[in-house]
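Enquirer: Got a structure here, written out as C-alpha coordinates. Questions coming.
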Amino acid sequence: MLKNIFTKWLIFVSACSFIDGKPLNVLFIFTDDHAYQAISAYGSNRNKTPNIDRIAQDGMLFNRAFVTNSICAPSRAVILTGKHSHLNGQLTNGQRFDGEQQTFPKLLQKQGYQTAIIGKWHLKSDPTGFDFWQVLQGQGPYYNPPMNTAQGVQKITGYTTDVITDITLDWLKNDRDKDKPFFVMSQHKAPHRNWQPGPKYLTKYNDINIPEPETLRDEYKNRLEPASTQAMSIDGHLSVNDLKLKAPGNLTPEQKARWDAAYNPKNEAFEKAKLEGDALFKWKYQRYVKDYLRCIDSVDENIGRMLDYLDESGLAKDTVVIYSSDQGWYLGEHGWYDKRWMYEESFRTPLIVRWPGVTKPGTQNTDLVQNLDYAQTFLDICGAKSPKDMQGASIVPLLQGAKPKNWRKSLYYQYYEFPGAHSVRRHYGVRTDRYKLIHFYMLDGWELYDLEEDPNELYSLYGKPGYEKVTAKLKTELNRLRNQYKVPEDTRPLTKVPRVKKKKKSG
Ligand code: CA
(Lines give C-alpha, C1' and ligand atoms only; values in the text may rest on other atoms or scores of the structure.)
Protein backbone atom coordinates (compact mmCIF):
# COMPACT_ATOMS: atom_id res chain seq x y z
CA MET A 1 0.00 0.00 0.00
CA LEU A 2 2.68 2.46 1.10
CA LYS A 3 4.86 1.40 -1.80
CA ASN A 4 1.96 1.98 -4.15
CA ILE A 5 1.42 5.52 -2.85
CA PHE A 6 5.15 6.21 -3.07
CA THR A 7 5.25 4.98 -6.69
CA LYS A 8 2.27 7.17 -7.60
CA TRP A 9 3.92 10.18 -5.97
CA LEU A 10 7.15 9.46 -7.81
CA ILE A 11 5.34 9.28 -11.15
CA PHE A 12 3.58 12.54 -10.35
CA VAL A 13 6.64 14.52 -9.28
CA SER A 14 8.93 13.18 -11.98
CA ALA A 15 6.52 14.44 -14.62
CA CYS A 16 6.37 18.06 -13.42
CA SER A 17 8.69 21.00 -13.79
CA PHE A 18 10.18 22.09 -10.52
CA ILE A 19 11.50 24.94 -8.54
CA ASP A 20 13.04 23.77 -5.27
CA GLY A 21 11.31 20.42 -5.61
CA LYS A 22 7.83 21.82 -6.13
CA PRO A 23 5.86 21.61 -9.38
CA LEU A 24 5.23 25.02 -10.91
CA ASN A 25 1.98 26.89 -10.71
CA VAL A 26 0.73 29.01 -13.60
CA LEU A 27 -1.31 32.22 -13.43
CA PHE A 28 -2.57 33.10 -16.92
CA ILE A 29 -4.01 36.62 -17.02
CA PHE A 30 -5.89 37.23 -20.22
CA THR A 31 -7.76 40.24 -21.57
CA ASP A 32 -10.09 40.78 -24.47
CA ASP A 33 -8.95 43.13 -27.25
CA HIS A 34 -5.92 44.65 -25.50
CA ALA A 35 -3.78 46.54 -28.02
CA TYR A 36 -0.03 46.25 -27.38
CA GLN A 37 -0.06 49.98 -28.27
CA ALA A 38 -1.78 50.53 -24.90
CA ILE A 39 0.91 48.91 -22.72
CA SER A 40 3.82 51.03 -21.56
CA ALA A 41 6.21 48.05 -21.63
CA TYR A 42 5.49 47.96 -25.38
CA GLY A 43 6.28 51.66 -25.66
CA SER A 44 2.78 53.15 -25.50
CA ASN A 45 2.68 56.90 -25.98
CA ARG A 46 -0.90 56.99 -24.74
CA ASN A 47 -0.90 55.45 -21.26
CA LYS A 48 1.05 53.84 -18.41
CA THR A 49 0.54 50.27 -17.23
CA PRO A 50 2.90 49.96 -14.25
CA ASN A 51 1.69 46.53 -13.15
CA ILE A 52 1.76 44.84 -16.55
CA ASP A 53 5.21 46.41 -16.84
CA ARG A 54 6.21 44.65 -13.59
CA ILE A 55 5.71 41.30 -15.35
CA ALA A 56 7.90 42.53 -18.23
CA GLN A 57 10.59 43.92 -15.91
CA ASP A 58 10.92 40.50 -14.25
CA GLY A 59 10.31 38.46 -17.38
CA MET A 60 10.31 38.29 -21.17
CA LEU A 61 8.25 40.44 -23.54
CA PHE A 62 7.42 39.06 -26.98
CA ASN A 63 7.49 41.67 -29.74
CA ARG A 64 6.36 39.30 -32.43
CA ALA A 65 3.48 37.40 -30.83
CA PHE A 66 0.54 36.88 -33.20
CA VAL A 67 -2.81 35.12 -33.39
CA THR A 68 -4.10 32.72 -36.05
CA ASN A 69 -7.59 34.25 -36.42
CA SER A 70 -8.07 37.67 -34.88
CA ILE A 71 -11.40 37.43 -33.11
CA CYS A 72 -12.61 36.53 -29.61
CA ALA A 73 -14.08 33.02 -29.54
CA PRO A 74 -11.85 31.51 -32.25
CA SER A 75 -8.72 32.76 -30.46
CA ARG A 76 -9.86 31.15 -27.20
CA ALA A 77 -10.52 27.86 -28.99
CA VAL A 78 -7.04 27.93 -30.55
CA ILE A 79 -5.49 28.50 -27.11
CA LEU A 80 -7.44 25.64 -25.49
CA THR A 81 -6.72 23.12 -28.25
CA GLY A 82 -3.39 24.11 -29.79
CA LYS A 83 -5.07 23.72 -33.18
CA HIS A 84 -6.07 26.10 -35.96
CA SER A 85 -9.75 27.08 -36.27
CA HIS A 86 -10.55 24.66 -39.08
CA LEU A 87 -9.56 21.73 -36.84
CA ASN A 88 -11.04 22.88 -33.50
CA GLY A 89 -14.29 23.83 -35.23
CA GLN A 90 -14.47 27.44 -33.99
CA LEU A 91 -14.19 29.43 -37.20
CA THR A 92 -16.34 32.35 -36.02
CA ASN A 93 -17.85 33.91 -32.90
CA GLY A 94 -21.29 32.49 -33.71
CA GLN A 95 -20.38 28.84 -33.27
CA ARG A 96 -20.57 26.69 -30.14
CA PHE A 97 -17.25 25.27 -28.92
CA ASP A 98 -17.12 21.48 -28.86
CA GLY A 99 -16.01 20.92 -25.25
CA GLU A 100 -15.72 17.15 -25.79
CA GLN A 101 -12.48 17.57 -27.69
CA GLN A 102 -8.95 17.43 -26.31
CA THR A 103 -7.84 20.62 -24.54
CA PHE A 104 -4.76 21.50 -22.52
CA PRO A 105 -6.67 21.92 -19.19
CA LYS A 106 -7.90 18.31 -19.45
CA LEU A 107 -4.33 17.13 -20.04
CA LEU A 108 -3.11 19.17 -17.06
CA GLN A 109 -5.74 17.57 -14.83
CA LYS A 110 -4.33 14.18 -15.83
CA GLN A 111 -0.93 15.52 -14.83
CA GLY A 112 -2.15 16.20 -11.28
CA TYR A 113 -2.93 19.89 -11.75
CA GLN A 114 -5.89 21.73 -10.33
CA THR A 115 -7.38 23.91 -13.06
CA ALA A 116 -9.65 26.94 -12.83
CA ILE A 117 -11.13 29.54 -15.16
CA ILE A 118 -12.67 32.78 -13.94
CA GLY A 119 -14.13 35.54 -16.11
CA LYS A 120 -14.71 35.69 -19.83
CA TRP A 121 -15.17 32.34 -21.56
CA HIS A 122 -17.30 33.27 -24.60
CA LEU A 123 -17.57 29.81 -26.14
CA LYS A 124 -21.31 29.14 -25.59
CA SER A 125 -20.84 25.58 -24.25
CA ASP A 126 -19.98 25.14 -20.54
CA PRO A 127 -16.25 24.96 -19.72
CA THR A 128 -14.79 21.44 -19.58
CA GLY A 129 -11.48 20.38 -18.05
CA PHE A 130 -11.72 22.76 -15.09
CA ASP A 131 -11.99 21.86 -11.40
CA PHE A 132 -13.48 25.30 -10.81
CA TRP A 133 -15.18 27.64 -13.24
CA GLN A 134 -17.12 30.86 -12.86
CA VAL A 135 -17.64 32.61 -16.16
CA LEU A 136 -19.47 35.55 -17.72
CA GLN A 137 -22.52 34.82 -19.83
CA GLY A 138 -21.46 35.44 -23.42
CA GLN A 139 -19.77 38.83 -23.65
CA GLY A 140 -20.90 39.75 -20.14
CA PRO A 141 -21.55 43.32 -18.93
CA TYR A 142 -18.96 45.72 -17.47
CA TYR A 143 -21.06 46.16 -14.33
CA ASN A 144 -22.92 43.71 -12.07
CA PRO A 145 -22.30 40.52 -14.05
CA PRO A 146 -24.45 37.41 -13.77
CA MET A 147 -21.95 34.52 -13.85
CA ASN A 148 -22.39 30.87 -14.78
CA THR A 149 -21.01 28.24 -12.41
CA ALA A 150 -21.33 24.46 -12.18
CA GLN A 151 -23.97 25.14 -9.48
CA GLY A 152 -26.03 27.64 -11.46
CA VAL A 153 -26.09 31.39 -12.07
CA GLN A 154 -24.68 33.86 -9.53
CA LYS A 155 -25.56 37.52 -9.77
CA ILE A 156 -22.76 39.74 -8.51
CA THR A 157 -22.76 43.47 -7.83
CA GLY A 158 -19.60 45.34 -8.76
CA TYR A 159 -17.31 46.33 -11.61
CA THR A 160 -16.57 43.22 -13.64
CA THR A 161 -12.76 43.66 -13.82
CA ASP A 162 -12.64 43.93 -9.99
CA VAL A 163 -15.12 41.06 -9.61
CA ILE A 164 -13.04 38.67 -11.75
CA THR A 165 -9.94 39.45 -9.70
CA ASP A 166 -11.83 39.07 -6.41
CA ILE A 167 -13.06 35.61 -7.41
CA THR A 168 -9.60 34.57 -8.67
CA LEU A 169 -7.95 35.68 -5.41
CA ASP A 170 -10.66 34.05 -3.31
CA TRP A 171 -10.15 30.76 -5.15
CA LEU A 172 -6.37 30.97 -4.74
CA LYS A 173 -6.61 31.84 -1.04
CA ASN A 174 -9.53 29.76 0.15
CA ASP A 175 -10.87 27.20 -2.28
CA ARG A 176 -8.08 25.44 -4.10
CA ASP A 177 -6.51 22.18 -2.96
CA LYS A 178 -3.19 23.39 -1.61
CA ASP A 179 -1.60 19.94 -2.04
CA LYS A 180 -1.81 20.29 -5.82
CA PRO A 181 -0.15 22.69 -8.26
CA PHE A 182 -2.59 25.05 -9.97
CA PHE A 183 -3.20 26.43 -13.44
CA VAL A 184 -5.59 29.36 -13.18
CA MET A 185 -6.95 31.42 -16.07
CA SER A 186 -8.14 34.85 -14.93
CA GLN A 187 -9.81 36.30 -18.00
CA HIS A 188 -11.17 39.80 -18.28
CA LYS A 189 -13.95 41.19 -20.41
CA ALA A 190 -12.06 44.48 -20.53
CA PRO A 191 -11.19 46.33 -22.67
CA HIS A 192 -13.79 44.94 -25.12
CA ARG A 193 -16.30 47.24 -26.75
CA ASN A 194 -18.14 49.29 -25.51
CA TRP A 195 -15.39 50.33 -23.10
CA GLN A 196 -17.27 51.20 -19.92
CA PRO A 197 -14.77 52.44 -17.34
CA GLY A 198 -14.87 51.45 -13.68
CA PRO A 199 -16.01 53.89 -10.97
CA LYS A 200 -12.44 54.90 -10.05
CA TYR A 201 -11.36 55.93 -13.54
CA LEU A 202 -14.46 57.59 -15.00
CA THR A 203 -12.83 61.01 -15.24
CA LYS A 204 -9.17 60.05 -15.72
CA TYR A 205 -7.63 61.76 -18.82
CA ASN A 206 -10.36 64.45 -18.76
CA ASP A 207 -7.83 67.24 -18.90
CA ILE A 208 -5.40 65.86 -21.47
CA ASN A 209 -5.35 65.05 -25.17
CA ILE A 210 -4.37 61.52 -26.16
CA PRO A 211 -1.91 61.48 -29.12
CA GLU A 212 -3.38 60.42 -32.46
CA PRO A 213 -1.78 57.57 -34.43
CA GLU A 214 -0.10 58.42 -37.76
CA THR A 215 -2.66 56.51 -39.80
CA LEU A 216 -5.82 57.86 -38.12
CA ARG A 217 -6.87 59.60 -41.35
CA ASP A 218 -6.00 56.71 -43.67
CA GLU A 219 -7.80 57.03 -47.02
CA TYR A 220 -7.21 53.39 -48.03
CA LYS A 221 -5.39 54.17 -51.26
CA ASN A 222 -2.94 51.69 -52.83
CA ARG A 223 -4.80 48.68 -51.44
CA LEU A 224 -7.67 46.44 -52.51
CA GLU A 225 -11.27 47.34 -51.78
CA PRO A 226 -11.78 45.52 -48.39
CA ALA A 227 -9.96 48.13 -46.28
CA SER A 228 -12.36 50.81 -47.48
CA THR A 229 -15.62 48.82 -47.15
CA GLN A 230 -15.30 47.71 -43.50
CA ALA A 231 -17.69 48.92 -40.83
CA MET A 232 -15.30 49.78 -38.00
CA SER A 233 -14.34 53.37 -38.54
CA ILE A 234 -14.16 55.82 -35.66
CA ASP A 235 -15.57 58.44 -37.97
CA GLY A 236 -18.56 56.52 -39.25
CA HIS A 237 -19.46 53.57 -37.04
CA LEU A 238 -19.31 54.42 -33.33
CA SER A 239 -22.74 54.17 -31.70
CA VAL A 240 -24.50 56.32 -29.11
CA ASN A 241 -23.56 53.71 -26.49
CA ASP A 242 -19.92 53.64 -27.63
CA LEU A 243 -19.75 57.43 -27.29
CA LYS A 244 -21.47 57.35 -23.87
CA LEU A 245 -24.34 59.56 -24.92
CA LYS A 246 -26.47 57.09 -22.96
CA ALA A 247 -25.72 55.54 -19.57
CA PRO A 248 -25.62 51.72 -19.31
CA GLY A 249 -29.00 50.32 -18.35
CA ASN A 250 -27.86 47.93 -15.63
CA LEU A 251 -26.25 50.23 -13.04
CA THR A 252 -27.21 50.42 -9.37
CA PRO A 253 -28.49 53.87 -8.29
CA GLU A 254 -25.11 54.65 -6.75
CA GLN A 255 -23.21 53.56 -9.88
CA LYS A 256 -25.64 55.53 -12.04
CA ALA A 257 -25.10 58.68 -10.01
CA ARG A 258 -21.31 58.42 -10.43
CA TRP A 259 -21.69 57.69 -14.12
CA ASP A 260 -23.96 60.65 -14.78
CA ALA A 261 -21.71 62.96 -12.76
CA ALA A 262 -18.74 61.89 -14.92
CA TYR A 263 -20.40 61.89 -18.36
CA ASN A 264 -23.47 64.08 -18.11
CA PRO A 265 -24.81 62.25 -21.20
CA LYS A 266 -27.44 64.84 -22.11
CA ASN A 267 -25.00 67.70 -22.00
CA GLU A 268 -22.41 65.70 -23.98
CA ALA A 269 -24.97 64.96 -26.69
CA PHE A 270 -25.76 68.68 -26.85
CA GLU A 271 -22.05 69.57 -27.11
CA LYS A 272 -21.48 66.92 -29.80
CA ALA A 273 -24.36 68.28 -31.86
CA LYS A 274 -22.46 71.57 -32.17
CA LEU A 275 -19.41 69.86 -33.72
CA GLU A 276 -18.80 68.91 -37.32
CA GLY A 277 -16.04 67.84 -39.73
CA ASP A 278 -12.60 67.25 -38.27
CA ALA A 279 -13.57 68.73 -34.89
CA LEU A 280 -16.22 66.03 -34.53
CA PHE A 281 -13.81 63.33 -35.68
CA LYS A 282 -11.24 64.46 -33.11
CA TRP A 283 -13.89 64.50 -30.41
CA LYS A 284 -14.92 60.92 -31.26
CA TYR A 285 -11.32 59.71 -31.24
CA GLN A 286 -10.62 61.24 -27.82
CA ARG A 287 -13.90 59.97 -26.45
CA TYR A 288 -13.27 56.43 -27.65
CA VAL A 289 -9.61 56.13 -26.74
CA LYS A 290 -9.99 57.64 -23.27
CA ASP A 291 -12.70 55.16 -22.34
CA TYR A 292 -10.61 52.31 -23.71
CA LEU A 293 -7.60 53.43 -21.66
CA ARG A 294 -9.74 53.83 -18.52
CA CYS A 295 -10.77 50.18 -18.85
CA ILE A 296 -7.06 49.26 -19.09
CA ASP A 297 -6.40 51.24 -15.90
CA SER A 298 -8.70 48.90 -14.00
CA VAL A 299 -7.09 45.85 -15.59
CA ASP A 300 -3.65 47.09 -14.63
CA GLU A 301 -4.66 47.90 -11.06
CA ASN A 302 -6.12 44.41 -10.67
CA ILE A 303 -3.01 42.77 -12.10
CA GLY A 304 -1.13 44.62 -9.37
CA ARG A 305 -3.42 43.07 -6.76
CA MET A 306 -2.68 39.59 -8.11
CA LEU A 307 1.08 40.14 -8.25
CA ASP A 308 1.02 41.54 -4.70
CA TYR A 309 -0.85 38.47 -3.49
CA LEU A 310 1.71 36.14 -5.12
CA ASP A 311 4.49 38.08 -3.37
CA GLU A 312 2.80 38.18 0.03
CA SER A 313 1.77 34.53 -0.01
CA GLY A 314 5.22 33.29 -1.06
CA LEU A 315 3.71 31.77 -4.22
CA ALA A 316 5.58 34.13 -6.56
CA LYS A 317 8.79 32.14 -6.67
CA ASP A 318 7.16 28.99 -8.05
CA THR A 319 4.39 30.55 -10.11
CA VAL A 320 4.81 31.40 -13.79
CA VAL A 321 2.81 34.54 -14.64
CA ILE A 322 1.66 35.01 -18.23
CA TYR A 323 -0.10 38.08 -19.61
CA SER A 324 -1.78 38.02 -23.01
CA SER A 325 -4.91 39.03 -24.90
CA ASP A 326 -7.15 37.16 -27.33
CA GLN A 327 -5.88 39.41 -30.12
CA GLY A 328 -4.67 42.92 -30.80
CA TRP A 329 -6.74 45.96 -31.63
CA TYR A 330 -6.92 49.20 -33.61
CA LEU A 331 -6.61 52.15 -31.33
CA GLY A 332 -7.31 54.54 -34.19
CA GLU A 333 -4.72 53.10 -36.60
CA HIS A 334 -6.20 53.17 -40.13
CA GLY A 335 -9.07 55.17 -38.61
CA TRP A 336 -10.43 52.04 -36.92
CA TYR A 337 -11.55 50.39 -33.73
CA ASP A 338 -11.99 46.56 -33.63
CA LYS A 339 -9.73 43.77 -34.97
CA ARG A 340 -10.16 40.85 -37.51
CA TRP A 341 -7.53 41.93 -40.07
CA MET A 342 -4.17 40.40 -40.78
CA TYR A 343 -2.74 43.94 -40.68
CA GLU A 344 -0.28 44.20 -37.79
CA GLU A 345 -2.25 45.89 -34.99
CA SER A 346 -4.90 43.18 -34.75
CA PHE A 347 -2.77 40.27 -35.96
CA ARG A 348 -0.29 40.90 -33.15
CA THR A 349 -1.14 40.40 -29.49
CA PRO A 350 0.67 41.18 -26.25
CA LEU A 351 2.56 38.30 -24.64
CA ILE A 352 4.66 38.75 -21.51
CA VAL A 353 5.96 35.89 -19.35
CA ARG A 354 7.57 35.97 -15.92
CA TRP A 355 9.18 32.69 -14.91
CA PRO A 356 11.37 33.19 -11.85
CA GLY A 357 14.81 31.66 -12.30
CA VAL A 358 14.20 30.94 -16.01
CA THR A 359 13.29 34.12 -17.92
CA LYS A 360 16.04 36.68 -17.75
CA PRO A 361 14.49 39.81 -16.23
CA GLY A 362 13.72 42.60 -18.68
CA THR A 363 14.38 40.64 -21.88
CA GLN A 364 12.61 41.12 -25.21
CA ASN A 365 12.10 38.43 -27.81
CA THR A 366 11.55 38.96 -31.56
CA ASP A 367 10.95 35.38 -32.71
CA LEU A 368 7.68 34.57 -34.48
CA VAL A 369 5.31 33.06 -31.92
CA GLN A 370 1.56 32.54 -32.08
CA ASN A 371 -1.39 31.80 -29.79
CA LEU A 372 -1.27 28.39 -31.46
CA ASP A 373 1.81 27.76 -29.26
CA TYR A 374 0.18 28.46 -25.90
CA ALA A 375 -1.26 25.00 -25.19
CA GLN A 376 2.03 23.24 -25.84
CA THR A 377 3.90 25.89 -23.86
CA PHE A 378 1.58 25.46 -20.86
CA LEU A 379 1.93 21.68 -20.98
CA ASP A 380 5.71 22.01 -21.25
CA ILE A 381 5.94 24.39 -18.27
CA CYS A 382 3.89 21.92 -16.23
CA GLY A 383 6.00 18.94 -17.29
CA ALA A 384 3.35 17.29 -19.45
CA LYS A 385 3.95 15.87 -22.92
CA SER A 386 2.13 17.54 -25.82
CA PRO A 387 -0.01 15.30 -28.02
CA LYS A 388 1.24 15.00 -31.61
CA ASP A 389 -1.92 16.45 -33.11
CA MET A 390 -1.34 19.89 -31.58
CA GLN A 391 -0.07 22.27 -34.27
CA GLY A 392 2.09 24.82 -32.46
CA ALA A 393 5.40 24.60 -30.62
CA SER A 394 6.37 25.11 -27.00
CA ILE A 395 8.05 28.48 -26.49
CA VAL A 396 9.81 27.22 -23.35
CA PRO A 397 13.21 27.14 -25.13
CA LEU A 398 12.70 30.81 -26.08
CA LEU A 399 11.87 31.62 -22.47
CA GLN A 400 15.11 29.92 -21.49
CA GLY A 401 16.95 32.14 -23.96
CA ALA A 402 17.78 29.32 -26.38
CA LYS A 403 16.11 29.58 -29.79
CA PRO A 404 15.85 26.17 -31.49
CA LYS A 405 17.62 26.08 -34.88
CA ASN A 406 14.48 24.99 -36.69
CA TRP A 407 12.19 27.65 -35.18
CA ARG A 408 9.45 28.76 -37.61
CA LYS A 409 10.25 31.43 -40.18
CA SER A 410 6.66 32.19 -41.19
CA LEU A 411 3.14 32.41 -39.78
CA TYR A 412 -0.22 31.35 -41.19
CA TYR A 413 -3.38 33.39 -40.62
CA GLN A 414 -7.02 33.00 -41.65
CA TYR A 415 -10.14 35.05 -40.89
CA TYR A 416 -13.56 33.55 -41.70
CA GLU A 417 -16.34 35.73 -40.28
CA PHE A 418 -17.87 37.24 -43.41
CA PRO A 419 -20.69 38.05 -43.81
CA GLY A 420 -20.51 39.30 -40.25
CA ALA A 421 -20.12 42.19 -37.85
CA HIS A 422 -17.87 44.96 -39.19
CA SER A 423 -17.81 43.54 -42.73
CA VAL A 424 -14.22 42.38 -42.93
CA ARG A 425 -13.75 40.11 -45.94
CA ARG A 426 -12.49 36.56 -45.46
CA HIS A 427 -8.77 36.33 -45.99
CA TYR A 428 -5.73 34.21 -45.33
CA GLY A 429 -2.05 34.91 -45.61
CA VAL A 430 1.56 34.40 -44.64
CA ARG A 431 3.92 36.65 -42.70
CA THR A 432 7.66 36.31 -42.55
CA ASP A 433 10.16 38.52 -40.69
CA ARG A 434 9.94 41.08 -43.46
CA TYR A 435 6.97 40.46 -45.76
CA LYS A 436 3.27 39.83 -45.59
CA LEU A 437 1.15 38.34 -48.37
CA ILE A 438 -2.64 38.45 -47.94
CA HIS A 439 -5.19 36.67 -50.11
CA PHE A 440 -8.78 37.98 -50.02
CA TYR A 441 -9.88 34.68 -51.41
CA MET A 442 -13.56 35.34 -52.06
CA LEU A 443 -12.44 38.16 -54.34
CA ASP A 444 -9.26 36.40 -55.47
CA GLY A 445 -7.35 39.58 -54.69
CA TRP A 446 -3.85 39.80 -53.21
CA GLU A 447 -1.91 42.36 -51.17
CA LEU A 448 1.81 42.34 -50.47
CA TYR A 449 3.58 44.47 -47.85
CA ASP A 450 7.23 45.09 -47.11
CA LEU A 451 7.09 45.58 -43.33
CA GLU A 452 10.59 47.03 -43.16
CA GLU A 453 9.89 49.77 -45.71
CA ASP A 454 6.22 50.24 -44.92
CA PRO A 455 5.48 49.21 -41.31
CA ASN A 456 2.07 50.91 -41.43
CA GLU A 457 1.00 48.77 -44.41
CA LEU A 458 -0.19 51.63 -46.59
CA TYR A 459 1.20 50.49 -49.98
CA SER A 460 0.45 47.08 -51.41
CA LEU A 461 3.31 45.99 -53.65
CA TYR A 462 1.46 43.10 -55.20
CA GLY A 463 1.92 43.04 -58.96
CA LYS A 464 4.50 45.85 -58.88
CA PRO A 465 7.65 45.37 -60.98
CA GLY A 466 10.57 44.00 -58.98
CA TYR A 467 8.44 41.99 -56.55
CA GLU A 468 7.84 38.92 -58.74
CA LYS A 469 10.41 36.75 -56.96
CA VAL A 470 9.36 37.74 -53.45
CA THR A 471 5.72 37.11 -54.35
CA ALA A 472 6.42 33.69 -55.86
CA LYS A 473 8.42 32.66 -52.79
CA LEU A 474 5.67 33.79 -50.43
CA LYS A 475 3.02 31.95 -52.43
CA THR A 476 5.09 28.76 -52.20
CA GLU A 477 5.46 29.28 -48.45
CA LEU A 478 1.73 29.96 -48.09
CA ASN A 479 0.92 26.69 -49.86
CA ARG A 480 3.43 24.85 -47.71
CA LEU A 481 1.78 26.19 -44.55
CA ARG A 482 -1.71 25.36 -45.77
CA ASN A 483 -0.57 21.80 -46.40
CA GLN A 484 1.27 21.54 -43.09
CA TYR A 485 -1.77 22.74 -41.13
CA LYS A 486 -4.19 20.72 -43.30
CA VAL A 487 -6.26 23.78 -44.21
CA PRO A 488 -9.23 22.92 -46.46
CA GLU A 489 -10.70 25.30 -49.05
CA ASP A 490 -13.27 27.55 -47.38
CA THR A 491 -16.34 26.76 -49.42
CA ARG A 492 -18.97 28.06 -46.96
CA PRO A 493 -21.51 30.03 -48.98
CA LEU A 494 -21.83 33.78 -48.63
CA THR A 495 -25.41 33.41 -47.49
CA LYS A 496 -26.20 36.89 -46.34
CA VAL A 497 -23.94 39.61 -47.57
CA PRO A 498 -24.66 42.71 -45.51
CA ARG A 499 -25.10 45.95 -47.32
CA VAL A 500 -22.06 48.02 -46.57
CA LYS A 501 -23.16 51.44 -45.46
CA LYS A 502 -21.35 54.20 -47.16
CA LYS A 503 -18.88 55.69 -44.73
CA LYS A 504 -20.46 58.75 -43.29
CA LYS A 505 -18.16 61.70 -42.88
CA SER A 506 -18.28 62.68 -39.23
CA GLY A 507 -21.89 61.65 -38.84
CA1 CA B 1 -11.35 39.79 -28.43
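Enquirer: Within the stretch 111-131, find all residues whose amide N lies under 14 Å from a label point positioned 7 Å from the Cα of D175 along Cα-to-beta-carbon.
Expert: Hits in the stretch 111-131 for D175 at 14 Å: 115-120, 127, 130-131.
Enquirer: Same structure, new question: How high is the relative contact order of the chain? Use alpha-carbon pairs under 8 Å, at least six apart in sequence, and give a whole percent.
Expert: Reported relative contact order: 24 percent.
Enquirer: Mind ordering 270-276, 87-93 by average Cβ neighbours within 10 Å, highest first?
Expert: With the highest mean Cβ count within 10 Å placed first, the list reads 87-93, 270-276.
Enquirer: Once the cut-off is 20 Å, how many percent of the Cα-Cα pairs in the stretch 127-226 end up in the long-distance tail?
Expert: 56 percent
Enquirer: If you place +1 on the Cβ of every Lys and Arg, -1 on the Cβ of every Asp and Glu, and leave all else neutral, what size is the dipole of the stretch 414-484 about its Cα centre, to the nearest 20 Debye?
Expert: Charge dipole of the stretch 414-484: 340 debye, to the nearest 20.
Enquirer: Taking amide H positions as placed 1.01 Å from N in the peptide plane, with prolines and chain starts having none, which residues 5 or more places from L351, or on another chain, fall under 5 Å of its amide H?
Expert: The list, which skips near neighbours in sequence, is F62.
Enquirer: Per the Cauchy relation, a quarter of the hull surface: what is the mean projected area of the convex hull of the alpha carbons in the stretch 285-396, in nm²?
Expert: 8.9 nm²
Enquirer: Here is a follow-up. Let's see if you can work this out: charge +1 on each Lys and Arg Cβ, -1 on each Asp and Glu Cβ, no other charges. What is the dipole magnitude of the chain about its Cα centre, in debye to the nearest 20?
Expert: Charge dipole, the chain, about its Cα centre: 940 debye, nearest 20.
Enquirer: Based on the Cβ-Cβ distance from D311 to Q151, what FRET efficiency comes out when R0 is 35 Å, to the nearest 0.05?
Expert: 0.65
Enquirer: Restricting to the chain, compute how many DSSP beta bridges are antiparallel as a %, nearest 5.
Expert: Within the chain, antiparallel bridges account for around 55 percent of the total.
Enquirer: So what does the Cα-only Debye profile of the chain read at q = 0.13 Å⁻¹, as log10 I(q)/I(0), no solvent term?
Expert: The computed values of log10 I(q)/I(0) come out as -1.34.
Enquirer: Roughly speaking, to the nearest percent, how much of the stretch 185-303's 1.4 Å accessible area is carbon and sulfur?
Expert: 50 percent
Enquirer: Given 10 Å bins starting at zero, what is the percent of C-alpha pairs of the stretch 40-171 in each, up to the one with the largest pair distance?
Expert: Per 10 Å bin, starting at 0, the Cα pair percentages come out as 11, 31, 39, 18, 1.
Enquirer: How many percent of Cα pairs in the stretch 329-372 exceed 11 Å?
Expert: 73 percent
Enquirer: If packing is taken as the average number of other Cβ atoms within 10 Å across a peptide's residues, how do 357-367, 413-423 rank, most packed first?
Expert: 413-423, 357-367
Enquirer: Working only with C-alpha atoms, what are the Rg and Dmax values of the stretch 186-333, expressed in angstrom?
Expert: Values for the stretch 186-333 (Cα only, Rg and Dmax): 18.4, 57 Å.
Enquirer: Can you give the accessible area per residue of the chain, in Å², using a 1.4 Å probe?
Expert: Result: 41 Å² of accessible area for each residue.
Enquirer: Another question about this same structure. So which of K178/K256; K120/K475; K120/K178 end up more than 30 Å apart, counting from Cα to Cα?
Expert: Exceeds cut-off: K178/K256; K120/K475.
Enquirer: Given only helices, namely DSSP H runs of n ≥ 4 each adding -39500 (n - 2.57), what is the per-residue ellipticity at 222 nm of the chain, to the nearest 500 deg cm²/dmol?
Expert: -9000 deg cm²/dmol
Enquirer: Sticking with this structure for a sec: For the stretch 101-118 and the stretch 475-497, what is the separation of their Cα centres, given in Å?
Expert: Measuring centre to centre over Cα atoms gives 31 Å.
Enquirer: How would you order 309-316, 161-168 from highest to lowest mean count of nearby Cβ atoms within 10 Å?
Expert: Result, highest mean Cβ count within 10 Å first: 161-168, 309-316.
Enquirer: Let me ask something additional. Quick check: convex hull over the Cα atoms of the stretch 414-484, volume per residue in Å³, rounded to an integer?
Expert: Given the Cα convex hull of the stretch 414-484, per-residue volume reads 102 Å³.
Enquirer: Run down the lysines and flag those whose C-alpha is under 17 Å from the C-alpha of K469, throwing out any fewer than 8 positions away in its chain.
Expert: K436
Enquirer: Also, I was wondering about something else. Give me the one-decimal nm value for the distance between modelled label points at K486 and E225, 7 Å along each residue's Cα-to-Cβ direction.
Expert: 3.6 nm
Enquirer: In the stretch 414-484, with Lys and Arg counted as +1 and Asp and Glu as -1 at Cβ, which of these residues, L448, Y416, Y459, has the Cα nearest the positive end of the dipole, that is, farthest along it?
Expert: Result: Y416, furthest along the dipole toward the positive end.
Enquirer: While we're looking at this one, here's another question. At a 1.4 Å probe radius, which order do Y142, Y205 fall into by accessible area, largest first?
Expert: Listed by decreasing accessible area, they come as Y205, Y142.
The values are calculated or read from the model by the stated rules, or taken from the named source; none is laboratory data. Predicted model only: the values in this text are computed from it and were never measured. So basically every Cβ, Gly included, is an ideal-geometry build from the backbone, and we count neighbours across all protein chains shown. For the accessible areas, the whole protein counts, side chains as well, though only heavy atoms, and no ligand, DNA or RNA atoms are used. Shrake-Rupley method; radii C 1.70, N 1.55, O 1.52, S 1.80 Å.
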